[in-house]
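Below is one structure, written out as structure tokens, with a few remarks after it.
Only the coordinates and a few stated rules stand behind these numbers; no lab work does. Keep in mind that this is a model prediction, so the values were computed, not measured. Methodologically, a virtual Cβ is constructed for each residue, glycine included, from the backbone with ideal geometry; neighbour enumeration extends over all protein chains shown.
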Amino acid sequence: MPHLIRYPRIIAHRCGGALAPENTLAGMRIAARLGCRGVEFDVALTADGVPILMHDATLERTTNGAGFLATKTAAEIACLDAGGKHHRAFAVEPAPTFQAALQTCAELGLWANVEIKPTPGTEAETGRVVANLVAGIGPGTVLLSSFSVLALQQALHVAPAIPRALLTETIPADWRDQLVAAGASALHTAASGITVDLIAPLCHSRIQLACYTVNDRATAATLFAAGVSAIFTDRLDLWMPEEM
Ligand code: G3P
Ligand code: MG
């Protein structure tokens, strides 16, 4: 039986949710200021193998760049504005490296759910690179997750002491087999479409469940009452620090 993951109840989705540009250090600082104890962010590799925080495979939605992340070097990414599309007040905010993100989490005392988000074809390498950088981190402060079973398998190999969660869009009927295949002890799944009936078997098996993306208190309360360990939200402003 794996150790239970000590989740913060409320996790800042993509660092700061609606309150800051996603996957930025500014988001982490705002989350911490609001009393949030844990952040989630997405990590992918540049063309020269540097892990950075980015959700999309392409740059257009969140930065002033264009094209595919996987074709850009870390030096090229470092020149981009990853904040101005959220609000002009964040116009000089960069897309941070994973190492800078880990450093900032440590400084702010934030627990981190690192979502390994490989661009297609880089699943194993991204899993390895990310796991290498967290392998020495003390227990209870980092959780790795991914939709990619291959990435999670690499993470298990490289950093077996760091807990892992499998990401899914629904609770699959064969969740037990999928968790075993991925070497994961927890499931992170979309809140939309899941029901108390689907959650109960996981709880009975002491499999922890966290749900994304929950932007209202009523849904969060229903999920917590059903046994969900944590929710990912864009709306940190809906909770008081003592509730997080
Ligand atoms: O890790 C939870 C959630 O972030 C998964 O969805 O697309 O926002 O990375 P996405
Ligand atoms: Mg994510």
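What's the percent breakdown of Cα-Cα distances in segment 185-244 across 10 Å bins, shortest bin first?
Result returned by the calculation: 23, 57, 20, 1.
Based on DSSP H assignment, which helices of the chain show an axial Cα extent of at least 20 Å together with a mean Kyte-Doolittle hydropathy greater than or equal to 0.0?
On the way: long enough: none.
Helices meeting the criterion: none.
What are the semi-axes of the equivalent ellipsoid for segment 1-103, taken as the square roots of 5 times the Cα gyration tensor eigenvalues, largest first, in whole Å?
Square roots of five times the eigenvalues give 24, 17, 10 Å.
May I ask you to derive the FRET efficiency for GLU242 and GLU107 from their Cβ-Cβ distance with R0 = 35 Å, giving the value to the nearest 0.05?
Values: r = 23 Å, r/R0 = 0.64.
Efficiency, from the Cβ-Cβ distance: 0.95.
Charges only on Cβ, +1 for Lys and Arg, -1 for Asp and Glu: so what's the dipole of segment 51-177 about the Cα centre, in debye to the nearest 20?
Working: 8 positive and 12 negative charges, 25 e Å.
The calculation lands at about 120 debye.
Restricting to Cα pairs below 8 Å that are 6+ residues apart, what does the relative contact order work out to for the chain? Please round to a whole percent. Present the calculation step by step, with values, prior to reporting the outcome.
Values: 539 pairs, mean separation 50.4, N = 244.
Averaging sequence separation for qualifying contacts and normalising by length gives 21 percent for the chain.
Return P(r) of segment 79-176 (all Cα-Cα pairs; 10 Å bins starting at 0; whole %; ordered from short to long distances).
15, 38, 32, 13, 1
Taking every pair of distinct Cα atoms and averaging 1/r, then inverting, what Kirkwood hydrodynamic radius in Å comes out for segment 121-244?
One decimal place: 15.3 Å for the Kirkwood radius.
For a protection proxy built on the mean count of beta-carbon atoms within 10 angstrom, sort 216-227, 89-100 highest first, please. Please list the in-between numbers first.
Numbers: 216-227: 14.8, 89-100: 17.8.
The most tightly packed comes first, giving 89-100, 216-227.
How big is the dipole moment of segment 13-55 about its Cα centre under a simple scheme where the beta carbon of each Lys and Arg is +1, that of each Asp and Glu is -1, and everything else is neutral? Debye, nearest 20, please.
Details: 4 positive and 4 negative charges, 59 e Å.
It works out to roughly 280 debye.
Quickly rank 148-159, 66-77, 120-131 as a protection proxy: mean count of other C-beta atoms within 10 Å, highest first.
Working: 148-159: 21.2, 66-77: 15.6, 120-131: 19.4.
Highest to lowest by the protection proxy: 148-159, 120-131, 66-77.
Would you work out which of PRO241, VAL142, ALA82 lies farthest towards the positive end of the dipole of the chain? Charges go on Cβ: Lys and Arg +1, Asp and Glu -1.
Positive-end residue among those listed: PRO241.
Using mean Cβ contacts within 10 Å as the protection proxy, how do 198-205, 13-20 order, highest first?
13-20, 198-205
Output wanted: per-residue J couplings in Hz (rounded whole) for segment 228-244, from phi through Karplus 6.51 cos²θ - 1.76 cosθ + 1.60, θ = phi - 60°, x for Gly and Pro.
Computed from phi, the couplings for segment 228-244 are 5, 7, 7, 10, 9, 9, 8, 10, 4, 5, 7, 10, 7, x, 5, 8, 8 Hz.
Kirkwood Rh over alpha-carbon pairs of the chain, then Stokes-Einstein at 37 °C and 0.692 mPa s: what D in µm² s⁻¹, rounded to an integer? Can you show the working numbers first?
Numbers: Rh = 17.9 Å.
In µm²/s, the coefficient is 184.
Could you size up the charge dipole of the chain around its Cα centre, putting +1 on the beta carbon of Lys and Arg and -1 on that of Asp and Glu, and report it in debye to the nearest 20?
Charge dipole of the chain: 420 debye, to the nearest 20.
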